Amino acid sequence: MADVAVAAKQVERVTKGIGRERCAERDQAAAAYLALPLVQRKAAPAGVTPPALAVVGTDGGRLQILDRRAAAADTAAAPPAAGPAAAATAPVAAPAEEALADENPQRRGRHWREDKIGLLMAMDSPVLPFDPCPDIPEGFLDPTRMGKLVRELRKGVPLADEPAAPAEEPEAGRAVLEESGPVWQPPKVTQRRLVASRRCWEQFGPLVASAAWAMGLFAAPRRVFLGDGAENNWTIWRSYFGSFVPVLDFIHALSYVYAAAHAGRAPAAGWGCYAQWIRWVWQGQVAAVLDALEERQGELGRPRSTDKDSHPRKVVATTITYLRNNAARMQYDRFRREGLPIVSSYVESAVKQFNYRVKGTEKFWGEEGAEAILQLRADHLSDDQPLEAFWERRQAAQTGQRRHRDAA
């Protein structure tokens with residue numbers, strides 16, 4: 001508007017610098033939260049009104065990391081090749097990954113790495129003395145729709161066979177509930193705040209917890225932690241959100257049940273088993289599904305060491321383990337009575353919103369730049385718009401003096 005040309009590199013430098021400042025503020029807030037006495041950590045900050053329903057969810061996204069300086073350092077430190085043949089077979093130096101040992105190397109390509117996303121929501125819903133929707137919505141009994149949904153979730157595909165840049169997880173779960181359930185509607189979101197980082201899950205937990213405390217979520221009368229079956233999610237729940245009701249995403253549970261029902265069966269017979277089992281899951285009767293799965297495992301036999309992940313014996317055994325580990329988080333009839341959400345599509349939608357900015361086949365980030373842009377993206381997507389207050393604080397802290405830069 002001022003007819004001033006601004007170079008893209010200048011925008012990049014300013015964005016990276018502001019992102020670093022916001023990351024520093026975020027880290028200071030997390031450290032201050034951890035320094036509080038336990039009683040204060042479980043209360044709302046002064047002047048903050050807790051919501052009627054607090055919901056926290058975490059998940060992982062994908063972006064490409066290319067740290068050229070680390071790769072060059074590794075290359076320089078490597079011993080010289082013995083000759084042309086050795087040079088042709090020498091491994092390419094991997095980008096440096098500080099504190100990222102929790103990532104599964106089988107799910108990584110050369111550059112694809114995981115970013116962690118936390119979604120904190122204030123929600124509103126009624127508490128009822130009865131299950132408002134005891135019968136499963138018809139959308140979950142649509143063969144075409146469910147077959148597509150499970151294929152998109154890629155359950156039963158060996159990790160080694162997955163692409164390095166996996167497709168986005170679908171938001172179909174929430175759509176099915178909203179379109180097919182005229183009696184029961186999911187809770188309404190009144191406010192949301194997002195947290196994002198490239199740090200490992202152990203370091204990510206305090207960032208999510210401090211943001212939840214700032215919103216007053218720990219003092220809400222009803223509190224929920226949403227997650228899929230990934231152990232990283234439930235480690236954060238145990239470490240920081242133990243007072244929250246753990247809820248397993250219904251869609252992930254469905255995908256396991258669907259795979260086990262069809263394992264080693266003709267399509268028609270598999271669908272009949274799925275339809276019965278998923279009704280039991282919807283009604284919170286996980287024990288009945290486990291009994292049926294144990295019977296099926298007896299028919300197929302126990303999995304052998306030579307079985308692939310897609311073998312019927314292995315699929316059924318994996319589903320049994322998954323349901324047993326998560327049975328306490330699958331009381332869906334009780335959750336609906338208490339007005340709690342039962343799908344994590346809210347979190348998956350948030351991951352997709354980050355992916356729009358940071359993910360692409362030709363888009364690469366350095367570690368520092370990735371951390372900065374993830375923080376700024378989280379600020380942009382949060383309803384309370386943290387950047388507005390940041391600009392006011394930053395302006396008030398200006399002294400009018402330019403810092404001296406060391407020539408070195």
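The values are calculated or read from the model by the stated rules, or taken from the named source; none is laboratory data. Everything quoted here is computed from the prediction, not taken from an experiment. Neighbour counts are summed over all protein chains in view; Cβ atoms, including those assigned to glycine, are modelled from backbone coordinates with ideal geometry.
Return the residue satisfying two criteria in turn: it lies in the stretch 325-338 and is touching a strand residue (DSSP E or B) at 6+ places or on another chain (Cβ under 7 Å) and assigned to a loop (DSSP other than H, G, I, E, B), and of such residues it is surrounded by the fewest Cβ atoms within 10 Å (Cβ to Cβ).
338
For the stretch 382-398, enumerate the residues that are surrounded by fewer than 18 Cβ atoms within 10 Å (Cβ to Cβ) and outside any loop (DSSP other than H, G, I, E, B).
387, 388, 389, 390, 391, 392, 393, 394, 395, 396, 397
Among the residues of the stretch 269-291, which ones are hydrophobic (A, V, I, L, M, F, W, C) and touching a residue at least 40 places away in the same chain (Cβ under 8 Å)?
In the first step, residues of the stretch 269-291 are kept if they are hydrophobic (A, V, I, L, M, F, W, C); the result is 269, 271, 273, 275, 277-278, 280-282, 286-290.
The answer is 271, 275, 278, 281, 282, 286, 287.
Using the structure shown, decide if residue 309 is modelled with pLDDT under 95 and among the acidic types (Asp, Glu). So that I can check it myself, show each step before the final result.
On the way: modelled with pLDDT under 95: yes; among the acidic types (Asp, Glu): yes.
Spelling it out, residue 309 is indeed modelled with pLDDT under 95 and among the acidic types (Asp, Glu).
Of the residues 315, 343, 351, 347, which single one is buried (at least 16 other Cβ atoms within 10 Å of the Cβ) and outside any helix (DSSP H, G or I)?
Answer to the check: 343.
Looking at this structure, is residue 93 closer than 27 Å to residue 236 by Cβ, modelled with pLDDT under 55 and part of a loop (DSSP other than H, G, I, E, B)?
Values: closer than 27 Å to residue 236 by Cβ: no; modelled with pLDDT under 55: yes; part of a loop (DSSP other than H, G, I, E, B): yes.
Judged against the criteria, residue 93 is not a match.
Please state which one of 140, 130 is modelled with pLDDT of 55 or more, among the hydrophobic types (A, V, I, L, M, F, W, C) and within 18 Å of residue 343 (Cβ to Cβ). Working first, answer last.
Working: 130 fails: within 18 Å of residue 343 (Cβ to Cβ).
Answer to the selection: 140.
Just for the stretch 5-30: of the residues that are touching a residue at least 12 places away in the same chain (Cβ under 8 Å) and aliphatic (A, V, I, L, M), which one is nearest to residue 207 (Cα to Cα)?
Ranking the qualifying residues of the stretch 5-30, first place goes to 30.
Is one or more of the residues making up the stretch 22-43 at pLDDT 90 or above, surrounded by 11 or more Cβ atoms within 10 Å (Cβ to Cβ), of a type in the set (Ser, Thr, Tyr) and assigned to a strand (DSSP E or B)?
No, that holds for no residue.
Identify, please: which residue in the stretch 292-306 is in contact (Cβ under 8 Å) with a residue 12 or more places away in the chain and part of a helix (DSSP H, G or I) and is, among those, surrounded by the most Cβ atoms within 10 Å (Cβ to Cβ)?
Narrowing the stretch 292-306 to residues in contact (Cβ under 8 Å) with a residue 12 or more places away in the chain: 292-294, 296-297, 300-303.
Next cut, part of a helix (DSSP H, G or I) only: 292-294, 296-297, 300.
Values: 292: 17, 293: 23, 294: 11, 296: 20, 297: 18, 300: 16.
Taking the candidates together, the pick is 293.
Can you name the helices (runs of 4 or more DSSP H) wholly within the stretch 152-244 that have at least 1 residues being at pLDDT 95 or above, surrounded by 22 or more Cβ atoms within 10 Å (Cβ to Cβ) and of a type in the set (Ser, Thr, Tyr)?
Values: elements: 172-180, 201-214, 231-240.
Output list reads 201-214, 231-240.
Quickly run through the stretch 344-389 and pick out the residues that are of a type in the set (Val, Ile, Thr) and under 21 Å from residue 13 (Cα atoms).
358, 373
Looking only at the stretch 354-373, count how many residues are in contact (Cβ under 8 Å) with a residue 40 or more places away in the chain, of a type outside the set (S, T, N, Q) and outside any helix (DSSP H, G or I). Quick ask: steps written out before the conclusion?
Here is the first cut: in the stretch 354-373, the residues in contact (Cβ under 8 Å) with a residue 40 or more places away in the chain are 354-355, 358-361, 363-373.
From what's left, of a type outside the set (S, T, N, Q): 354, 358-360, 363-373.
Applying the additional criterion that residues be outside any helix (DSSP H, G or I) yields 359-360, 363-366.
Residues that pass the stated criteria total 6.
Could you run through the stretch 390-399 and say how many residues are touching a residue at least 60 places away in the same chain (Cβ under 8 Å) and either among the charged types (D, E, K, R) or more than 20 Å from residue 13 (Cβ to Cβ) (or both)? Outline the logic, then answer.
Keep residues of the stretch 390-399 that are touching a residue at least 60 places away in the same chain (Cβ under 8 Å), which gives 390, 394.
Still in the running and either among the charged types (D, E, K, R) or more than 20 Å from residue 13 (Cβ to Cβ) (or both): 394.
Result for the stretch 390-399: 1.
Filter the stretch 245-285 down to residues that are crowded, with 22+ Cβ neighbours inside 10 Å and assigned to a loop (DSSP other than H, G, I, E, B), then give me how many there are.
Residues meeting the conditions: 2.
Considering every residue within the stretch 348-364, establish whether at least one is of a type in the set (Phe, Trp, Tyr) and within 16 Å of the chain's Cα centre (by Cα). Let's see the steps before the verdict.
Keep residues of the stretch 348-364 that are of a type in the set (Phe, Trp, Tyr), which gives 354, 356, 364.
Within this subset, residues satisfying the condition of being within 16 Å of the chain's Cα centre (by Cα) are 354, 356.
Yes, the stretch 348-364 contains a residue that is of a type in the set (Phe, Trp, Tyr) and within 16 Å of the chain's Cα centre (by Cα).
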